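The values are calculated or read from the model by the stated rules, or taken from the named source; none is laboratory data. Fair warning: this is a prediction, and the values are worked out from it, not measured in the lab. Every residue, glycine as well, gets a Cβ built from its backbone with ideal geometry; the counts of neighbours run over all protein chains shown. Quick note on the areas: whole protein, heavy atoms, side chains included, nothing else; ligands and nucleic acids left out. Shrake-Rupley method; radii C 1.70, N 1.55, O 1.52, S 1.80 Å.
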Amino acid sequence: MDIDKYILDKKKIIDKALDRYLPSSSLRPQIIHRAIKYSVFPGGKRIRPVFTIAGFEACGGKGDSIIPVACGIELIHSYTLIHDDLPCMDNDDFRRGKKTCHKKFGEDVALLAGDGLLTLAFQVIAESGNVDVIKEISKAVGTCGTIGGQAADILNKKSDIEYINLKKTAILFEVAIKSGGIIKGASKLEINALGNFGRDIGLVFQLMDDIKDKDGYAKLYGEERAIKKAKVLAEKAKNHLKIFGTKADKLSELAGIVCPLFHKSSHTRFVK
């Protein structure tokens, strides 16, 4: 299957499930539920939950048992974006071409909408019935994970840029992909390989974003050094998939979509 069709097909499944999981906008308190739906829809390519599904399939997983976890990952991602955009954080006015949640609904509602999404995420993930995956995701988005990365970002220490990239961006890719292996009941070796692949791809993704925006690592150390580092990480990511053979083809193709250095021919698609 063509990778673009694969992403589109999985996105449709994820969006349908997300719509089912989200509280109705007419349910009290309506303002919070409207803000939540506004922030989740329309989403982007849903690349993190698609990676979750691909990780599940790389371990031989079939069926829809992975969907609650994939949706939970997307809800967590949406929560991080709402809070990251707040005036006390990055203070952004627009996200995906429209007003950020706090600009549309106010800071107080945006804060509660983010809290609501994070809470709902674990309610949804719990449908998997897998305690191990709940533990892994909780750890990844806690104070030693994405919250820790955001805290370091607030302090704005140049020496912390690699820690920030790891904790704010890469760790969610890491846990998204390894969760697929956990739900399938894969071996420890396979789960670790998926996590290592996700972490390195997440770091490349952030580096490419920094290069494009002339920010972060690229701003501090220069574009040439950022590209060199991204190439090394992309090669490491490839190596992590070797134990899966052709079963990891979709993971490899997805990596090429989000990280042009993974497959040189993907560069044009990334920069558009």
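Can you give the relative contact order of region 90-212 as a percent, counting alpha carbon pairs under 8 Å and 6+ residues apart?
Details: 108 pairs, mean separation 22.2, N = 123.
Relative contact order comes out at 18 percent.
Whole angstrom only: what separates the Cα centroid of region 145-178 from the Cα centroid of region 227-252? With region 145-178 and region 227-252 each reduced to a Cα centre, they are spaced 21 Å.
Accessible surface calculations at 1.4 Å, restricted to protein heavy atoms, place region 122-272 at 50 Å² per residue.
Coupling constants for region 139-153 follow from the phi torsions by the Karplus curve (6.51 cos²θ - 1.76 cosθ + 1.60, θ = phi - 60°), and in residue order they are 5, 5, 10, x, 5, 9, x, 5, 5, x, x, 5, 4, 5, 5 Hz; glycine and proline get x. Put a dot 7 Å past the Cα of residue 247, heading toward its Cβ, do the same for residue 132, and the two dots end up 1.4 nm apart. Considering only Cα atoms, the convex hull volume of region 1-85 works out to 96 Å³ per residue. With the highest mean first, a sort of the peptides 128-135, 105-112, 21-28 on other beta-carbon atoms found within 10 angstrom per residue produces 105-112, 128-135, 21-28.
Karplus-based coupling profile of region 213-226, in residue order and whole Hz: 8, 6, 9, x, 4, 5, 5, 6, 10, x, 5, 4, 5, 5, with θ = phi - 60° in 6.51 cos²θ - 1.76 cosθ + 1.60 and x standing for Gly or Pro. With Cα atoms defining each centre, region 113-133 and region 189-203 are spaced 22 Å apart in the structure.
Give me the base-10 log of I(q)/I(0) for region 47-202 at each q in 0.10, 0.11, 0.13, 0.15 Å⁻¹, Debye formula, one uniform scatterer per Cα, rounded to two decimals. Results for region 47-202 at q = 0.10, 0.11, 0.13, 0.15 Å⁻¹ read -0.36, -0.43, -0.60, -0.78.
How big is the dipole moment of region 200-257 about its Cα centre under a simple scheme where the beta carbon of each Lys and Arg is +1, that of each Asp and Glu is -1, and everything else is neutral? Debye, nearest 20, please.
Values: 12 positive and 10 negative charges, 49 e Å.
Roughly 240 debye, rounded to the nearest 20.
Past 32 Å, Cα to Cα, is the threshold; run 157/212; 16/231; 168/242 against it and keep the listed order. Pairs exceeding the cut-off: 16/231. Pairs of Lys residues in region 24-149, spaced 8 or more positions apart or belonging to different chains, with C-alpha separations under 27 angstrom: 16 in total.
Scoring 198-210, 172-184, 246-258 by mean Cβ neighbours within 10 Å over their residues and listing the highest first yields 172-184, 198-210, 246-258.
Surface composition of region 138-263: carbon plus sulfur atoms hold 52% of the accessible area, using a 1.4 angstrom probe and ignoring ligands, DNA and RNA.
How big is the Cα convex hull of the chain in projection, averaged over all directions, in nm²? Provide the component values of the computation, followed by the final result.
Values: hull surface 54.2 nm².
Orientation-averaged projected area of the Cα hull: 13.6 nm².
Which shape class, rounded, prolate or oblate, goes with region 123-272 when its Cα gyration tensor gives a ≥ b ≥ c as root eigenvalues, a/c under 1.5 marks rounded, and past that a/b bigger than b/c marks prolate? Judged from the Cα gyration tensor, region 123-272 comes out oblate (a/c at least 1.5, b/c at or above a/b). Residues whose amide H falls under 5 Å from that of residue 95, counting only those 5 or more places apart or on a different chain, are 100, with hydrogens built in the peptide plane. From its DSSP helices (H runs of at least four residues, each -39,500 (n - 2.57)), the chain gives a residue-normalised ellipticity at 222 nm of -21500 deg cm²/dmol.
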